[in-house]
Amino acid sequence: MSRGQFEFYWEEASRLAGRPEAPDAARVALAEAAATAAALAAGPHDPEQVIHAAGFPMLLVWRGPPDHPTVLMATVDSVLRQVATGEGVDCAALDGDGRNLAGPRNGQGHPALRSAAEFHIPWTLAVTARPGSADAAMLGRERFLRTAIAAMLLFLLSGTYFIARAIRREAQVSRLQSDFVSAVSHEFRSPLTSMRQLSEILAEGRVPSDERRQLYYETLVGETKRLERLVETLLHFGRMEAGAHRYQFRELDAGQLAEQSAAAFEHELRHVRKIERAGESRCWIRADADALSVALRNLLDNAVKYSPPDAGVRVEWRRAGRQVAIQVRDQGLGIPLGERRPIFDEFVRGSAAAALNVKGTGVGLAMVRQIVAAHGGEIRLESEPGKGSTFVILLPAVEQI
């Protein structure tokens, strides 16, 4: 049916129906495209092609054998409505010269082009963002990029901080271990030097009198005990660090243990320093006598080393509720606030050690902390610079029936 025939029959049908009206432009274009397709079917034609009928671009898709072809006809606008289903985008069809066949081209930004070969259609698709949607999409992408960059920077800063902290900690541990090795070497060298010199004097017979010889023997015994205590301290510390130390717990009187530990240490000082003792009677605890004696000795040794020669050291014990408190009080330089917590760590020595040039290994208080913790207790430190320090061991009390 040609366009003229279509318009004639349309007018007649409208007149008979009593509703005269002009034919729809798209239908007229479809009729004209059908006539054109009938004319093209007799000769060679492209499988897909676009023609213009009544001012409308029409898509013709040919299928079937050459002697009996079948053609699909549709306006380009109807095809685009099926293709461009995404929200916020406009899709337009362009011919080979870039002219607009169908669809809006009022979008924002540079269009995304897809050639005819990609979709097997005889035109080029141009996809652009609709006005206003590009801003929203750009804002969303910008927020995502900002969030990603912020997360990356936070990750980098956190990683840098933890790496620097680990390096600083490793350097500090390395320095503390180096100081520990140096201190232990000095602690070993001092008694060994004294023992070698006295042994040489005795072996060569250069002792002027029997009294001097006896003094040398007693000094050798003292240095030997000092060296033995140093070795035992390091061995105890190593076993405690490895968790291999076995405690032998039994019920005992904390006051009696403190009294004996203070008396033994005072005897080793040869009455150079008087250690005062005071406390309540019958303060029963469950403890390892040897381990707790080592802890008390370390506290007494520190109290003597960090106090002036004429300053007193006092050991006290008492019942404190459900606990027994054993405290060692000195009148030394005191411990600054910033050192009271790390001073119980391994190989750490306070500033007073450098001020008084006191030698040591830095493991004494660490051993005290481990021993007290193994007994289910805690150790507290009360100190004021210039007025001395008080170390308090708190252990669970045992009720006697």
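The values are calculated or read from the model by the stated rules, or taken from the named source; none is laboratory data. Because the structure is a prediction, the values reported are computed rather than measured. Cβ: placed from backbone, ideal geometry, glycine included. Neighbour counts: every protein chain shown.
Listed values, structure above:
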quantity: Every residue from the stretch 254-279 that is surrounded by 14 or more Cβ atoms within 10 Å (Cβ to Cβ) and touching a strand residue (DSSP E or B) at 6+ places or on another chain (Cβ under 6 Å); calculated: A254, G255, A258, E259, A262, E266, I275, R277, G279
quantity: Any chance E382 is among the acidic types (D, E), over 30 Å from L235 (Cβ atoms) and under 37 Å from the mean Cα position of the chain (by Cα); calculated: yes
quantity: Any hit, the stretch 234-251, residues being in contact with a Lys or Arg (Cβ under 9 Å, 6 or more places away or on another chain), touching a residue at least 12 places away in the same chain (Cβ under 8 Å), more than 20 Å from G376 (Cα to Cα) and not in a strand (DSSP E or B); calculated: no
quantity: Any chance E268 is more than 29 Å from A320 (Cβ to Cβ), more than 48 Å from the chain's Cα centre (by Cα) and in the same structural domain as V363 (by TED's automatic domain parsing); calculated: yes
quantity: Residue in the stretch 208-233 that is nearest to L192 (Cα to Cα), counting only those that are among the hydroxyl-bearing types (S, T, Y) and either in a helix (DSSP H, G or I) or in contact with a Phe, Trp or Tyr (Cβ under 9 Å, 6 or more places away or on another chain) (or both); calculated: T224
quantity: Residue list for the stretch 295-325, restricted to those being among the hydrophobic types (A, V, I, L, M, F, W, C) and surrounded by fewer than 22 Cβ atoms within 10 Å (Cβ to Cβ); calculated: V304, A311, A320, A325
quantity: Qualifying positions in the stretch 339-391 - of a type in the set (V, I, T) and under 26 Å from A242 (Cα atoms); calculated: I343, V348, T361, V363, V368, I371, V372, I379
quantity: Some residue of the stretch 183-205 being in contact with a Pro (Cβ under 6 Å, 6 or more places away or on another chain), surrounded by 14 or more Cβ atoms within 10 Å (Cβ to Cβ), among the charged types (D, E, K, R) and not assigned by TED's automatic domain parsing to the domain that holds H267; calculated: no
quantity: Filter result for the condition that a residue is assigned by TED's automatic domain parsing to the domain that holds G362, modelled with pLDDT of 85 or more and of a type in the set (D, E), over E251, E211; calculated: E251
quantity: Test: residue in the stretch 130-140 that is under 28 Å from A25 (Cβ atoms), at pLDDT 70 or above and surrounded by 14 or more Cβ atoms within 10 Å (Cβ to Cβ); calculated: no
quantity: Candidate set from the stretch 223-233 (those that are in contact (Cβ under 8 Å) with a residue 40 or more places away in the chain and of a type outside the set (S, T, Y)); member that is surrounded by the most Cβ atoms within 10 Å (Cβ to Cβ); calculated: L230
quantity: Selection status of F162, among the aromatic types (F, W, Y) and modelled with pLDDT of 80 or more; calculated: yes
quantity: Any hit, the stretch 32-51, residues being at pLDDT below 75, surrounded by fewer than 17 Cβ atoms within 10 Å (Cβ to Cβ) and over 20 Å from T124 (Cα atoms); calculated: yes
quantity: Candidates A303, A325, A289, filtered to the one that is under 15 Å from I393 (Cα atoms) and either outside the structural domain of G386 (by TED's automatic domain parsing) or more than 41 Å from the chain's Cα centre (by Cα) (or both); calculated: A289
quantity: Conditions (1) part of a loop (DSSP other than H, G, I, E, B); (2) at negative phi; (3) not hydrophobic (A, V, I, L, M, F, W, C); number of the one not met by R282; calculated: (2)
